[in-house]
Every structure is written in structure tokens, then in C-alpha cells.
Amino acid sequence: MIISTRGRYALRVMIDIVQHNDSEYIPLKEIAERQEISEKYLESILKILVSNKLVEGVRGKNGGYRLSRDAEKITAWDVISVTENELTVVSCLNPDSPACDRAANCSTLPMWREFNKNLKNFFSNYTIEDLATGKQ
């Protein structure tokens, strides 16, 4: 399992919004320049974040993006889980995969389930606020 650039960039964007928040919406162009991400790619990431209610967006002259709730209430897991298509270490745990015929007799399945739970718990321990301020 590798976290994609989309997932990593989404975290960077969320952190950027916190670090440059002055209660106004932050223009996409400014975020793109600071993070060195193309505006087109950044738009696709922000679309995911908006549709999952992590970020709010407003169009127009004073438009841009801001977090939809406080940074201390958004975890790295919240961001990564919506930007990554597959976060399971084995395909049989992916809800989109067909059911495994061997699941009932699989000696390793409990280990994989625990790994996935630990992965979620690990990323849930980091808030966007923590990452933006270097608290962890």
C-alpha cells in the first residue's frame, strides 16, 4: 500500500489552509503556488474535499476555500480515507472486492483486519491542527 500523491497533496492543502487562514476564503491560485501543485490537479483534489464536507468553496472575486470545521476536529484519516481509492493491505478486506471463498478458513485474516484497524487508528491520532502547528 502506498499513499498516492492525491492523498499527500490533500493533507498539504488542508495544512496550508490552516496556516494561511485569516477567516477569509483562500484562493486556489495561492494554495497552488505555495504548494507547487498545478491548479488543475489541485481543483480535482479540492473537489473531493468539498464533496466530503472537509472544505467549503466559494466562487467569484473573493472566493476560495476554507475548512468546513475546526482543524482540531479533522484528522489525517478523514482526509486520507476520502482521497485514496483503496486503503486495505489485502484485497479481501476491500469492500469493493468480491467475497473471498477462503475467508472462513483463512488463518491470516485476523492479522490483516488488525493491521487495517491500526492503520486507521494511527492516522486518526493526527489532526490537521497538529500537523499545521507541528504539535506531534
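The values are calculated or read from the model by the stated rules, or taken from the named source; none is laboratory data. If you're wondering where the values come from, they're calculated on a predicted model, not measured in any experiment. Neighbour counts are summed over all protein chains in view; Cβ atoms, including those assigned to glycine, are modelled from backbone coordinates with ideal geometry. Please note that ligands, DNA and RNA were not included when accessible areas were found on the heavy atoms of the full protein model with its side chains. Shrake-Rupley method; radii C 1.70, N 1.55, O 1.52, S 1.80 Å.
On the stretch given as the stretch 102-133, residues that are within 18 Å of the chain's Cα centre (by Cα) and surrounded by fewer than 16 Cβ atoms within 10 Å (Cβ to Cβ) total 8.
Applying the set (1) over 21 Å from Asn121 (Cα atoms); (2) open to solvent by less than 60 Å² (accessible area, probe 1.4 Å) to Glu30 leaves exactly one unmet item: (2). Among the numbered conditions (1) farther than 21 Å from Val79 by Cα; (2) in a helix (DSSP H, G or I); (3) open to solvent by 80 Å² or more (accessible area, probe 1.4 Å), the only one that Pro98 does not meet is (2). Determine whether Glu43 is among the acidic types (Asp, Glu) and in contact with a strand residue (DSSP E or B) (Cβ under 8 Å, 6 or more places away or on another chain). Considered against the rule, which asks whether it is among the acidic types (Asp, Glu) and in contact with a strand residue (DSSP E or B) (Cβ under 8 Å, 6 or more places away or on another chain), Glu43 comes out as no.
Do you know which residues across the stretch 89-121 are at pLDDT 85 or above and touching a Phe, Trp or Tyr at 6+ places or on another chain (Cβ under 8 Å)? Result: Lys120, single match.
Table: residues versus (1) within 30 Å of Tyr25 (Cβ to Cβ); (2) of a type in the set (Asp, Glu); (3) in contact with a helix residue (DSSP H, G or I) (Cβ under 6 Å, 6 or more places away or on another chain).
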residue: Asn52; (1), (2), (3): yes, no, yes
residue: Asn62; (1), (2), (3): yes, no, no
residue: Arg69; (1), (2), (3): yes, no, no
residue: Val79; (1), (2), (3): yes, no, yes
residue: Val89; (1), (2), (3): no, no, yes
residue: Phe123; (1), (2), (3): yes, no, yes
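Within the group Lys61, Lys53, Lys47, which residue is surrounded by fewer than 14 Cβ atoms within 10 Å (Cβ to Cβ), outside any helix (DSSP H, G or I) and under 18 Å from the mean Cα position of the chain (by Cα)?
When all the criteria are applied, what remains is Lys53.
Of the residues making up the stretch 95-104, not a single one is out of contact with any strand residue (DSSP E or B) (no Cβ under 6 Å at 6 or more places or on another chain), among the hydroxyl-bearing types (Ser, Thr, Tyr) and farther than 29 Å from Ile45 by Cβ. Would you check if there is a residue in the stretch 13-30 being touching an Asp or Glu at 6+ places or on another chain (Cβ under 8 Å), under 21 Å from Gly134 (Cβ atoms) and of a type in the set (A, V, I, L, M)? Among the residues of the stretch 13-30, at least one is touching an Asp or Glu at 6+ places or on another chain (Cβ under 8 Å), under 21 Å from Gly134 (Cβ atoms) and of a type in the set (A, V, I, L, M), which makes the answer yes.
Only residues that are at pLDDT below 80 and surrounded by 14 or more Cβ atoms within 10 Å (Cβ to Cβ) were counted across the stretch 78-88, and they come to 2. If you take the residues of the stretch 64-77 that are open to solvent by 40 Å² or more (accessible area, probe 1.4 Å) and part of a helix (DSSP H, G or I), which of them is nearest to Gln19 (Cα to Cα)? If we take residues in the stretch 64-77 being open to solvent by 40 Å² or more (accessible area, probe 1.4 Å) and part of a helix (DSSP H, G or I), then Glu72 is nearest to Gln19 (Cα to Cα).
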